[in-house]
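Notes to accompany the following structure.
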Amino acid sequence: MTTRLREKELAPQSAQLSVSTFIQFHQYFTFQEMAEKIYQNKQRTSTRNGILKAEAAYLFAGVVQRYGVEYLQDVNKILGNENFEADIARIPGQGSGDSGKGKVFDLLACNRFPLLKLF
């Protein structure tokens, strides 16, 4: 069963950081710099062969963007999409963890740099 999000439950786009802006912001820093200076979180997605969560957030954003999601109002484009789930599972440290759908719902509860909190 796929859950649909209600438009009235979401912050207006003007109050959100677009996925494109999030990705563009990462172009100015290394993943290590993002982890240390921006996110203040040097954790990895997994204890074995995991990548910095800052990198995972960037990769996750790239997948989301490929499916046409720029704002929370666009999330319905990926809910229940098995191809999206498979693409998310290819991000190092995500193959056996939470599903992409779960991460999308986590996104709804996050603030400034929401994608980091997904991993």
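Please find the FRET efficiency linking N41 to L17, where r is the Cβ-Cβ separation and R0 is fixed at 25 Å, and quote it to the nearest 0.05.
That gives a FRET efficiency of 0.90.
What Kirkwood hydrodynamic radius, in Å, does segment 40-97 give when the mean of 1/r is taken over all pairs of distinct Cα atoms and then inverted?
In segment 40-97 this quantity evaluates to 12.1 Å.
Take the Cβ-Cβ distance between Q27 and Q65 as r, set R0 to 22 Å, and report the resulting FRET efficiency rounded to the nearest 0.05.
0.95
Values quoted throughout were computed directly from the atomic coordinates according to the rules given, and no laboratory measurement underlies them. Not measured: the values here are computed from a predicted model. Glycine gets a Cβ as well: all are built from the backbone with ideal geometry, and neighbour counts include every protein chain shown.
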